[in-house]
1. Of the conditions (1) within 16 Å of ligand 2 (Cβ to nearest atom); (2) surrounded by 23 or more Cβ atoms within 10 Å (Cβ to Cβ), residue A:205 satisfies every one except a single condition; which number is it?
2. If you take the residues in segment A:190-204 that are in contact with a Ser or Thr (Cβ under 7 Å, 6 or more places away or on another chain) and either away from chain B (no Cβ under 14 Å) or hydrophobic (A, V, I, L, M, F, W, C) (or both), which one is farthest from residue A:271 (Cα to Cα)?
3. Return yes when residue B:200 is surrounded by fewer than 18 Cβ atoms within 10 Å (Cβ to Cβ) and at pLDDT below 95 and no when it is not.
4. Of (1) among the β-branched types (Val, Ile, Thr); (2) over 30 Å from residue A:48 (Cα atoms); (3) touching a Gly at 6+ places or on another chain (Cβ under 7 Å), residue A:173 satisfies all except one. Which?
5. If I go through segment A:252-291 residue by residue, how many of them are within 13 Å of the chain's Cα centre (by Cα) and within 13 Å of chain B (Cβ to nearest Cβ)?
6. For segment A:223-251, give me each residue that is facing another protein chain (nearest Cβ under 10 Å), of a type in the set (Val, Ile, Thr) and in contact with an Asp or Glu (Cβ under 7 Å, 6 or more places away or on another chain).
7. Failed condition for residue A:95, given (1) touching a residue at least 60 places away in the same chain (Cβ under 8 Å); (2) among the charged types (D, E, K, R); (3) within 13 Å of ligand 1 (Cβ to nearest atom), with all others met?
8. Determine, yes or no, whether residue B:183 is surrounded by fewer than 24 Cβ atoms within 10 Å (Cβ to Cβ) and within 13 Å of another protein chain (Cβ to nearest Cβ).
Amino acid sequence: MFEQLTERLELVFKKITGRGLLNEKDVKEAMKGIRIALLEADVNYRVVRQFIADVEKRAVGQDLTKSVSPGQQVVKIFNDELVSLLGDKHCPLVESPQPPTVVMMVGLHGSGKTTLSGKLAKLFRNRGKHPLLVAADIHRPAAKKQLEILAKSIDMPFYTNDLNARDICHEAIKHAKEKLYDLVILDTAGRLQIDDELMAELIDIKRKVKPSEVLFVADAMTGQEAVNVASTFNEKIGITGVALTKLDGDARGGAALSIKAVLKVPIKFVGVGEKLDAIEEFHPERMASRILGMGDIVTLVEKAQKTVDFEKAKKLEKKLRKQEFTFEDFLDQLKQVKKMGPLESLLELIPGVGGKLKGLPIDDKALLRIEAIINSMTKQERRNPSIINGSRRKRIARGSGTSVQDINVLLKQFAQMQKMVKKFSKLSFKGFPQGFPI
Amino acid sequence: MMNRFVEGLAKTRNGIFGRIGGLFNKKIDEEFLEILEENLILADVGPGPTASIINVLKENRDDNPFEVLKEEIYKRVNVVSPKDVSREPKPSVIMFVGVNGSGKTTSIGKLAARFINEGKDVILAAADTFRAAATEQLGLWAEKVGAQFIKSVTGADPAAVAFDAIKAGVAKGADYVLIDTAGRLQTRVNLMEELKKIKRVANKAMAGAPHEVWLVLDASIGQNSFSQVELFNRTVGLTGLILAKLDGTSKGGAVVAISDKYELPVKYVGLGENTRDIEVFEPRKFAEAFVKK
Ligand SMILES: Nc1nc2c(ncn2[C@@H]2O[C@H](COP(=O)(O)OP(=O)(O)OP(=O)(O)O)[C@@H](O)[C@H]2O)c(=O)[nH]1
Ligand SMILES: Nc1nc2c(ncn2[C@@H]2O[C@H](COP(=O)(O)OP(=O)(O)OP(=O)(O)O)[C@@H](O)[C@H]2O)c(=O)[nH]1
Ligand SMILES: [Mg+2]
Ligand SMILES: [Mg+2]
């Protein structure tokens, strides 16, 4: 399903590849694909609409002279917006000036509050804190027991009693002050945002203990309602941060964008597994490309922008069209590709390519070998490979520390490449003929 | 019963037509279709299935949109599972699978109450030996509803628990053995293999078991539900779905295309955390509640 989507997007991009400027039509075309991608990723319909409109405005008329392909440029603009909307940098937990810092977990049923409580305690103990885990879920069967077992498994102080949720929390903080715990994590029961009685319980707790953080714990797989749920929680109790759980699966996580767009509070943590060390800080860039399902096309575009000399590229393109492509140009191109980093990791960044190329013998050694061979050619040979006869081949092989067979292979591929010239509309390492050894 | 199903939905949910409001009496025109698209997608039906439903409405512009839509939803969720009534197994072994926190354990507890209420003998098998206090959670349900309970220790082989429970069920002539398994994301290959093993071992305890494998879907989950059904189905072969947490504001629309595509019937819907908060899924009622004004 998601692969199809990536393919569909690639198709759109292909259509608008090679055209000069980002005009409104191109952008609209690309946006159609992006819109579907966002909806498939569970980004809220209205958030998508607003977002697309914003990005469209920004993209139309963008200067394209420096881009590799207009389609990729659109994605890049889009992605930048996505990243900035998701949040630019990691936001640390807000600490209370007067210890203990109190963190309250809230959210729908089964979103991962209890597990995240354990994870946070562990994370912050590793950072020198003295956390206390507090079980204030008096509703779900064995909920307290669950946190108690988790606490025990990591040797973490644990507190609960038989009072109501508010009083458990209140007593817990007294307990923490006595024992000098400086971080109190309150695990509350899962609840629907429309359950007034249970929402009142949260309000009650919050009033009593004045937490410095109220973390809304959301399942990364949440659908379109994420917006309503989060905003109601926010209106009723006030959310200071979001934690996104179960990101270890294949959920595209559009809920992250929806919630962020509506709540405008930072996403602070992500859960990536059941185990208590499966917690990470939030990376907006990763999340953005995950939502887009596009591989890391942005990194690719950025790398290309930094390293490929577009003036040279244009000249080369002309030469290619006139069939003047020589080994000198080829070497030039190789050097540019090399500047962009290890080939394998580069190819991985291309959506739809990465996976398929895994396991193929693409190595930088082959690249070095080719470079050595070309370096051993005379200028004449580089410009006119047809003069490379048997004795020249031997000489080149000796000079480059390769075999005559290597030379033969390269010459053959080079000839093939010249043939491909017509298809070669632009400079791109994607343009290498099939079976080329790099 | 039927009323409770609708009431359960009505309690908190507005059908998608509830949001369309005044447009409802209009003919099917572009504006209408656009708003309909918005509302189907907001109900988690998904962009692809939404487009196909919209197409049907486009082709039937002269008809009452409400009726056309209701019929389209109904057609998709009305999956009749072939069931061999002549050979009701005893016990009937049902294995519950699903991603983390979807509502497996709670659904089992509520179903057990329901079956016991019908005078059946029910055994609950705590084959989630992984998650903290999972066994205790199911144990409390067993106690509450008066089911027999088979468990082991944390970290034990879940297949062995299933085996023991089925054997006990056969020996005691129980009517149902409900097997709770640990939540797992469908992409975790090893954990999915573990499910296969439970299934295999269940079959050793009693030929033909498990007779049903039900995937518990959380109604608030969006398009990932497709991946869940696809991969769980591929691994253990599903025979039905349970749509839990339908008492929230999510409409569980993903299930519309899922039922259709995989020909998997929704068996029950979860409507809360209490013993009685589970109802038999009724395609007609669901379609009505779904598009309700
Ligand atoms: N794969 C995965 N599973 C997770 C993650 N976080 C939590 N879980 C699992 O999700 C399920 C629910 O987690 P809990 O921590 O019990 O969720 P909760 O919000 O406390 O649930 P309630 O208290 O019932 O509302 C459990 O099976 C957890 O092991 C995560 O990041 N990845
Ligand atoms: N409102 C509502 N809550 C539900 C429903 N079904 C389950 N829950 C709640 O959802 C949370 C998770 O339910 P569980 O039954 O523990 O889910 P699970 O699939 O067994 O979870 P793991 O074993 O951790 O994977 C609990 O807080 C349940 O009370 C339902 O139909 N409606
Ligand atoms: Mg909990
Ligand atoms: Mg469970």
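1. If we test residue A:205 against (1) within 16 Å of ligand 2 (Cβ to nearest atom); (2) surrounded by 23 or more Cβ atoms within 10 Å (Cβ to Cβ), just (1) comes out false.
2. That would be A:194.
3. For residue B:200, the condition - surrounded by fewer than 18 Cβ atoms within 10 Å (Cβ to Cβ) and at pLDDT below 95 - is not met.
4. So residue A:173 meets the others, but not (3).
5. Summing the residues that are within 13 Å of the chain's Cα centre (by Cα) and within 13 Å of chain B (Cβ to nearest Cβ) in segment A:252-291 gives 7.
6. Across segment A:223-251, the qualifying residue is only A:245.
7. (3)
8. Criteria met by residue B:183.
The values are calculated or read from the model by the stated rules, or taken from the named source; none is laboratory data. Because the structure is predicted, anything quoted here is derived from the model rather than measured. No Cβ is skipped: glycine too gets one built from the backbone with ideal geometry, and neighbour counts run over all protein chains shown.
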